[in-house]
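The values are calculated or read from the model by the stated rules, or taken from the named source; none is laboratory data. These numbers were taken from a predicted model, which means no experiment stands behind them. Note that each Cβ is placed from the backbone with ideal geometry, even for glycine, and that neighbours are counted across all protein chains shown.
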Amino acid sequence: MSGARFGCQVIPTDRHNASYSLREETLDRLCWGAVRRFAVLGFVFALAVAPRLAPANEIQVCFSPPLPQGCDPTQTVTQALNSAQHQILVQAFSFTSAPIATAIVNARKRGVDVRVILDKSNAGRGYSGATFLEHANVPVLIDARHAIAHNKVMIIDGQTVITGSFNFTKAAEQNNAENLVLIHNSAIADQYVQNWNTHAAHARPLSKVSDRGSLSGLNDDADGDNRPPTPTGPIVGNRRSLVYAWPGCASYDTMAPQNRVVFPSRQAAEVAGYREAGNCP
């Protein structure tokens, strides 16, 4: 043999054999052409697969109030809920956020396995986020084993954990200083699922809590999400502006009859997507 090959490079040993050199040169070009094609295909494959693999160990943080160019906690939670395909497990101290409650109900409607554990204080709040979920056929459990069931956790599809100080409430979004952490890691999510199951084992269904008011326990509103009692009189919402008011609000008596809708409580109005009128005492 008159040539030695190292990879795709030909080192001729018989320079007087012209036909052999031409043959080797042709093979060399074909070899390097194949290498380049495989390199390009490998690069394209890496670009296609990398975005799917990256979230496996990704951590995302949001704050309320949001940082400049930062993520909004409520929007981030609802986006994660909207992406759920199989299961959503929730543990919450307080639950009054209309956008988050709606996203959970929508997930339930599209066939996602949704289950919720709430602190016992949610059983004594009349019409609330808890009863809204219950009426939408979302299983709601009340964890009365502890002084406060103070978790703020969602586990989505056994892959993503949402946690932090952020309660799933309007107050946490608009009034409080909070943080929200999303962890995309199946091993960590598995530990949170185990913890969720531990609390579910001793929690009771909201529908079976006979004396809901007696379970309210500590009502000191540890996270500042409760409000002063609503003044006497019905809560009335405006279908057009999506604001609600009560007797004493300047707009209470000015709503057109065809636009008025009555709610049993502030929380019921907010869960329905209404906001408090700006002219109330």
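A few remarks follow.
- When region 256-267 is limited to residues that are modelled with pLDDT of 80 or more and in a helix (DSSP H, G or I), the one that is surrounded by the fewest Cβ atoms within 10 Å (Cβ to Cβ) turns out to be 257.
- Check on residue 187, closer than 26 Å to residue 91 by Cβ and modelled with pLDDT under 90: no
- Which numbered condition residue 141 misses (of (1) free of Cβ contacts under 8 Å to residues at least 24 places away in the same chain; (2) touching a His at 6+ places or on another chain (Cβ under 9 Å)): (1)
- Strands (runs of 3 or more DSSP E) within region 101-185 that include 3 or more residues more than 20 Å from residue 205 (Cβ to Cβ) and touching a Ser or Thr at 6+ places or on another chain (Cβ under 6 Å): 178-184
- Residues (within 26 Å of residue 175 (Cβ to Cβ) and modelled with pLDDT of 90 or more) located in region 107-132: 116, 117, 118, 119
- Filtered residue count, region 150-163, keeping only those that are more than 13 Å from residue 196 (Cβ to Cβ) and out of contact with any Phe, Trp or Tyr (no Cβ under 9 Å at 6 or more places or on another chain): 3
- The condition of being within 31 Å of the chain's Cα centre (by Cα) and outside the structural domain of residue 101 (by TED's automatic domain parsing) does not hold for residue 252.
- Hits in region 226-248 (condition: at pLDDT below 80 and part of a strand (DSSP E or B)): 247
- Residue pairs whose Cβ atoms lie under 7 Å apart, sitting 6 or more positions apart in sequence or on different chains, and linking a residue in region 171-191 that is of a type in the set (Ser, Thr, Tyr) to a partner that is surrounded by 18 or more Cβ atoms within 10 Å (Cβ to Cβ) and at pLDDT 95 or above, are 186/159.
- Any hit, region 164-173, residues being over 16 Å from residue 74 (Cβ atoms) and acidic (Asp, Glu): no
- The set of residues in region 165-188 being of a type outside the set (A, V, I, L, M), surrounded by fewer than 18 Cβ atoms within 10 Å (Cβ to Cβ) and within 19 Å of residue 70 (Cβ to Cβ) consists of 165, 174, 175, 176, 179.
- All positions within region 156-180 that are farther than 23 Å from residue 113 by Cα, touching a strand residue (DSSP E or B) at 6+ places or on another chain (Cβ under 7 Å) and of a type in the set (D, E, K, R): 173, 178
- Any hit, region 149-163, residues being more than 21 Å from residue 79 (Cα to Cα), at pLDDT below 95 and surrounded by fewer than 18 Cβ atoms within 10 Å (Cβ to Cβ): yes
- Some residue of region 154-166 being within 12 Å of the chain's Cα centre (by Cα) and of a type in the set (Asp, Glu): yes
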